[in-house]
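One structure is given here, and the rest of the page talks about it.
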Amino acid sequence: MIRVLLVHDSCLMRSALAERLAKETDLEVHHTPWRSAPGRADALSPQICVADLECDGTYGIPPLGELRCGLVVLATPARPGLLRRAMEAHALGYVDKASPVERLLTGIRQAAHGKRFVDDSLGFGFLKAAQNPLTRRELSVLTLAAEGASVAEIAGSLHLSNGTVRNYMAAITRKVGARNRVDAIRISRGEGWL
């Protein structure tokens, strides 16, 4: 029996998918929204977490590293930055949201045996994921900017000078082809880098 925790912010989608997965005799299925996923994962100790990469609410970017189990992600090729974050979190399975449920079942079962599963349709997304032009530090600066922090607040939070933060913002704007800070945030979110 494979214990699965399904993490998805949309209650309707989460419930319907959990109900479908529970019909499989080799799966024990539990589900939760992202806001309670880390605690629920700790309490249940699932073998596999099936996680939607596009979460709502306060997270913006899902806390994949907090799910300490085999990870199968539901993704789209249009958000390559999220695929990259899933790779960095050592996800074993990558299933396209547009795929039939049988692909997800295959991904869950392979990941439960420690094998990698990648939906063919996500290949181009993985290629684009390698093209994120921003460094980790630039992503840190941009993440704080996206949360509404001022230059001074970003500088204080990251132990940088105000001028250094402005230099990072100028580099970010240039690298992503944006007109300004707001445009850089919009472009980065669209690509899934933020």
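Each value in this text was obtained by applying a stated rule to the coordinates, not by laboratory testing. Source: prediction; values computed, not measured. Positions of Cβ are generated from backbone atoms using ideal geometry, with glycine treated the same way; all protein chains shown enter the neighbour counts.
Overview of values
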item	result
At least 20 Å along the helix axis (C-alpha) and Kyte average at least 1.6, DSSP helices within the chain	none
Lys pairs, the chain - Cα-Cα below 26 angstrom, 8 or more residues apart or on other chains	6
Dimensions (Å) - the stretch 2-46, Cα atoms, principal axes, largest first	27, 24, 7
Separation in nanometres of the label points that stand 7 Å from Cα toward Cβ, at Arg68 and Asn180	4.5
Chain lengthening between Arg116 and Lys23 when straightened (0.36 nm per residue, less Cα-Cα)	31.1 nm
Segment Ser15-Ser140, extension gain: residue separation times 0.36 nm, minus the distance between their alpha carbons	41.6 nm
Nearest-20 debye value, the stretch 70-169 charge dipole, Cβ charges on Lys, Arg, Asp, Glu	200
Value of [θ]222 nm, deg cm²/dmol, for the chain, DSSP H segments ≥ 4, -39500 (n - 2.57) each, nearest 500	-14000 deg cm²/dmol
Computed over the stretch 1-112: relative contact order in percent, which uses C-alpha pairs under 8 Å that are six or more apart	23
Lys/Arg +1, Asp/Glu -1 at C-beta; the chain dipole; positive extreme among His31, Leu158, Ala91	Leu158
Long-range HN-HN contacts of Ala51 with modeled amide H, under 5 Å	Val7, Val72, Val73, Leu74
Where only C-alpha atoms are counted, convex hull volume of the chain per residue in Å³	115
Dipole in debye (nearest 20) - the chain, about Cα centre, beta carbon charges: Lys, Arg +1; Asp, Glu -1	560
The chain, relative contact order [Cα under 8 Å, separation at least 6], %	16
